[in-house]
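Below is one structure; the comments refer to it alone.
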Amino acid sequence: MEIVQKYNLPKQLFLQFPWLNESSKILFEDVNISEEKMRSISLIEMVQFLFKEYPKLLGRIKQFFRNIIQSKEEFSPPTDDTIHLAMYPVLQIIISLTGNRILGNALTNTFAKHCQSVLTNMSSNRSLNKILQDIFSNLGISCTIDEKIYKNGMKFPFQMDFPSYLKVSTKIRNESWKLINRYFGDGKIYLIRHDVILLLREFVRQKTQPDYKQINKELSTQMEKIPEISEILNEISTLMATHKKRFESSIFSEGETIGSELYPPCIKAILFNAMHGENLSHNERLAIAFFYLNTNHSIEDTVDIFRTSPDFDEKIARYQTEFAAGGPGGKGTKYRMYNCVKLKSFHLCRDDDPNFGDKLCRDGAKKNNGEIVPIQNPAKDFIFWKKVDLNRLHRSQIVEQLESSDEAEITKKKEEDSK
Amino acid sequence: MVRHIQFPSNKYLIRHLITTAPRHSYHSATYYERPGAETMDQKGYIACDFVVDIDADHIPTNCRQNHDYAICKACGAIFQGEKPLKCSECEGTKFDKISWICDECLEVSKKQVFNLVENFLLRDFSIPLEDIHLYFSGHRGYHIHLKTKAFLDLDQDARREISDYVTGEGFSFKIWNFRKIQNSMTGFSIEDPGWSGKIAKELYNILIQGEPRIREVFENPIYGKKLNSVVLNMFISNRQYLIEQISKKSRAWQVAGISDKSWIRVFEILRDRIKADIDVVVSIDLHRLIRLEGSLHGKTGFRVMKINYEDLKDFDPLKDALSFPDNPENTLDIEITVPISPKIRIGSNNYGPYNKGDKLKLPLNAALFLMCKDVAMLRN
């Protein structure tokens with residue numbers, strides 16, 4: 001296996017993982033062009049150059065979009081050649097051109113799961129631990145190895161510094177990833193190999209996130225004039241039209257105020273993420289399903305939320321939703337909505353979020369006698385007190401209207417009297 | 001309140017403070033590209049210190065029952081301790097509060113600082129002591145600023161996670177494999193890093209101190225219900241067995257008759273003893289305003305001051321944070337304006353309790369404290 005000396009990693013990995021830092025250098029070497037020259041050419045020239053240099057690139061990109069639009073979270077092989085490397089920047093540009101976050105999240109999901117799958121398949125490789133350490137090092141993350149560390153009879157060879165760990169573990173939103181539920185000391189979290197691969201998957205998800213502001217209007221117009229780009233965009237648009245339910249969700253549209261005004265901030269935030277095709281965590285999926293099912297929404301409405309998910313499978317989503325609702329026919333136990341303490345521990349509470357936050361969640365509800373009632377459950381307490389708040393607002397508006405009409409009447413009367 | 005002010009240098013800040021003499025002064029714990037911009041969006045967020053607030057107000061203390069008062073706004077009835085829901089005299093629901101400080105609550109705050117620094121920041125997070133900046137808040141507690149790069153770049157989720165860790169929030173017994181399978185109970189190892197090891201160590205430390213200590217801990221928990229007496233007795237009779245199991249690092253902690261539920265209550269009580277009582281809201285806020293070092297706290301007149309951690313043990317806020325030299329000649333004439341002004345130690349003298357209308361000539365620091373607490377006014 002050819003090792004790229006400077007980075008201690010096999011060349012094969014740079015081809016498979018184009019998101020690694022310095023992967024682009026392998027690409028430049030393959031097309032025999034200096035890094036300096038490559039950096040001096042414009043984005044338009046680079047895209048044209050790549051399509052010219054790799055005639056199969058167009059077909060591979062089209063296949064990639066066919067896959068993700070049909071919710072197939074995988075690349076069509078091969079995924080270990082220089083075309084795979086060349087695809088990466090072009091895919092990022094195309095997603096930026098479309099501005100479609102559902103596609104963007106499907107892309108990050110595909111790269112993240114591909115990474116997980118490649119590394120899991122290498123489990124028999126004796127040097128896999130070292131490879132994982134080198135990948136983290138390439139990404140600027142400190143993760144050391146000590147093969148002699150055992151906890152409760154299990155080997156914990158990896159130690160990751162806590163800021164790097166928290167950067168991704170908090171996005172998994174599952175209590176097993178909470179710092180408090182980990183072996184943690186001396187600033188390091190002790191991890192098994194399986195954990196490390198899952199964390200890397202989440203790093204990849206973040207690293208491959210497209211920059212939607214990368215392409216301005218002028219550049220966009222020029223880019224669309226490149227025949228290959230135009231062809232791909234047309235194909236994407238045709239494919240999206242055939243999968244309307246996923247891309248034009250009946251519940252939401254871009255820019256629309258999300259949900260009812262009675263929805264708590266945590267639910268609004270999850271719905272917003274769902275709308276943008278983000279891969280919702282296990283707990284986010286459960287929270288939104290439990291909330292919908294406990295607020296008189298139908299199974300159909302609940303399943304619809306997940307249609308924009310990159311790994312949406314109607315059969316599975318329907319089965320799980322029906323199960324949460326008490327099974328087909330409602331014979332089993334209907335799950336209750338998580339309470340606020342639970343949501344906080346899952347990092348799903350958004351009480352002070354600048355976009356979704358709500359004073360009611362932060363400060364609690366105020367009864368007429370001045371007593372403060374804390375909000376403890378988003379499905380019961382929040383909705384009840386939000387209604388009370390809205391009613392109070394409504395009443396105060398009526399009072400204001402009455403007062404202003406009184407004032408107008410008094411003024412009118414005064415004017416008449418003075419006459 | 002005046003906000004969004006940016007000063008080119010300390011000289012301008014000091015001039016502003018002299019000319020405006022604000023009762024409270026704060027600075028942002030966040031670094032912005034344009035700190036003077038009017039809105040948060042325009043400021044351009046760069047990074048934020050990780051700030052920990054330890055305040056006796058958030059920690060259950062017995063002394064509060066002795067020195068805090070609520071006065072019914074409608075009828076003037078006085079209630080010692082926590083504010084009642086309703087006035088027992090007139091059923092009024094609005095109260096004026098008199099929140100006081102004493103050696104006991106200031107000591108509780110100090111203990112929590114030691115707990116946080118020793119058991120969490122130094123041991124678990126491995127933060128170098130020189131990166132821990134400690135301040136007396138000027139009132140009932142302390143602020144700790146962590147300015148290392150590792151903390152500056154943390155997002156809100158990561159900050160909540162750290163706060164959850166030090167406050168023991170989200171500990172999952174299921175994940176830690178703590179369960180009773182038939183007659184076999186799996187516990188924790190004293191060697192484990194992190195919370196499982198902390199729980200094992202705390203339990204061991206209590207058990208080796210004998211029955212009276214075990215009773216004291218489990219019959220008077222910091223929060224929540226005391227441990228069931230039957231369970232407590234079983235616990236005491238199996239004390240030696242548990243000590244042996246824990247000291248030989250065994251996870252087999254089975255005690256016949258103690259259910260999973262009771263074990264979980266035992267651990268909850270231990271958790272509340274181990275955790276650091278911090279104000280989580282302060283630590284997770286990315287746009288927090290924090291008291292300015294060197295300014296005076298508007299509710300006490302005490303200095304907000306930096307303290308070397310090594311000096312904390314001997315630090316006496318009621319003496320070392322006074323704003324003016326302890327000069328008995330330097331006095332103020334004041335009059336008490338509320339029904340009750342509790343006792344306070346300032347320097348080495350005690351003052352009070354006083355009653356409404358008392359006319360007093362007190363040393364400057366004591367008089368200033370009572371006026372800042374809004375219980376007295378200056379006499380002409």
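Annotation: Cα Rg of the range B:324-380 relative to the compact-globule expectation 2.2 N^0.38 Å equals 1.00. Using every pair of distinct Cα positions in the range A:108-222, the Kirkwood expression returns a hydrodynamic radius of 15.4 angstrom. What the Cβ-Cβ distance of residue A:194 and residue A:74 gives, at R0 = 25 Å and to the nearest 0.05, is a FRET efficiency of 0.75. Taking every Cα-Cα distance in the range B:180-274 and sorting them into 5 Å bins starting at zero, the pair-distance distribution P(r) comes out as 2, 14, 25, 30, 21, 7, 0 percent. Between residue A:316 and residue A:67, what FRET efficiency comes out of the Förster formula 1/(1 + (r/R0)^6) with R0 = 22 Å and r the beta carbon distance, rounded to 0.05? So the FRET efficiency works out to roughly 0.75.
Heavy atoms of chains A and B lose about 2700 Å² of accessible surface on contact, summed over both sides with a 1.4 Å probe.
Each residue of the range B:265-279 was assigned a 3J(HN,Hα) from its phi angle through the Karplus curve 6.51 cos²θ - 1.76 cosθ + 1.60 (θ = phi - 60°); the sequence is 5, 4, 5, 5, 5, 5, 4, 5, 7, 7, 4, 9, 7, 10, 8 Hz, with glycine and proline shown as x. For chain A, the alpha carbon convex hull comes to 245 Å³ per residue, rounded to a whole number. Placing one equal scatterer on every Cα of the range B:81-208 and applying the Debye formula, the log10 ratio I(q)/I(0) at q = 0.09, 0.11, 0.17 Å⁻¹ is -0.46, -0.65, -1.06. A simple charge model with +1 on the Cβ of Lys and Arg, -1 on the Cβ of Asp and Glu and nothing else charged puts the dipole of the range A:3-207 at about 540 debye relative to its Cα centre. Per the Cα gyration tensor, the range A:3-207 maps to an equivalent ellipsoid with semi-axes of 33, 19, 15 Å, ordered largest to smallest. Per residue of peptide B:83-91, the mean number of Cβ atoms on other chains within 10 Å of the residue Cβ is 1. Across the accessible surface of chain A, with the other protein chains kept in place and a 1.4 Å probe, carbon and sulfur atoms take up 49 percent.
Using only the alpha-carbon atoms of chain B as identical scatterers, what base-10 log of I(q)/I(0) does the Debye formula give at q = 0.06, 0.09, 0.11 Å⁻¹? Debye output, listed in q order: -0.31, -0.68, -0.96. Principal-axis analysis of the Cα atoms of chain A puts helix A:57-69 at an angle of about 40° to the longest axis. For the residues A:354, A:374, A:55, a GNM of chain A with alpha-carbon springs under 10 Å puts the largest fluctuation on A:354. Ranking B:371, A:87 from most to least accessible surface, computed with a 1.4 Å probe over the protein chains only, gives B:371, A:87.
The angle between the Cα long axis of helix A:101-121 and the longest principal axis of the Cα atoms of chain A comes to about 50 degrees, rounded to the nearest 10.
The mean of 1/r over all pairs of different alpha-carbon atoms in the protein assembly as shown, once inverted, gives a Kirkwood hydrodynamic radius of 31.2 Å. For the residue pairs A:386/B:147; A:72/A:167; A:342/B:83; A:366/B:198; A:178/B:111, the alpha carbons lie more than 31 Å apart in A:386/B:147; A:366/B:198.
Note on residue A:41 and residue B:243: their simple-model spin labels are 7.8 nm apart, each label 7 Å out from Cα toward Cβ.
With a 1.4 Å probe rolled over the protein heavy atoms of all chains, the accessible area of B:12, A:338 falls in the order B:12, A:338, largest first. Solvent exposure of chain B amounts to 49 Å² per residue of accessible area, where only protein heavy atoms count and the probe is 1.4 Å. Think of a 1.4 Å ball rolled over the protein heavy atoms: the range A:3-207 then has 40 Å² of accessible area per residue. Measuring r between the beta carbons of residue A:243 and residue B:147 and using R0 = 45 Å, the FRET efficiency lands at 0.35. Rounded to the nearest Hz, the phi-derived 3J(HN,Hα) couplings of the range A:26-32 under the Karplus curve 6.51 cos²θ - 1.76 cosθ + 1.60 (θ = phi - 60°) are 5, 5, 4, 5, 5, 8, 6, where x marks glycine and proline. Compared with the dominant principal axis of the Cα atoms in chain A, helix A:193-207 is inclined by about 70°.
The values are calculated or read from the model by the stated rules, or taken from the named source; none is laboratory data. The structure presented is a predicted model; accordingly, all values stated were derived computationally and were not measured. Counting neighbours? That spans all protein chains shown, and the Cβs are built from the backbone with ideal geometry, glycine included. Accessible surface areas use protein heavy atoms only, side chains included; no ligands, DNA or RNA. Shrake-Rupley method; radii C 1.70, N 1.55, O 1.52, S 1.80 Å.
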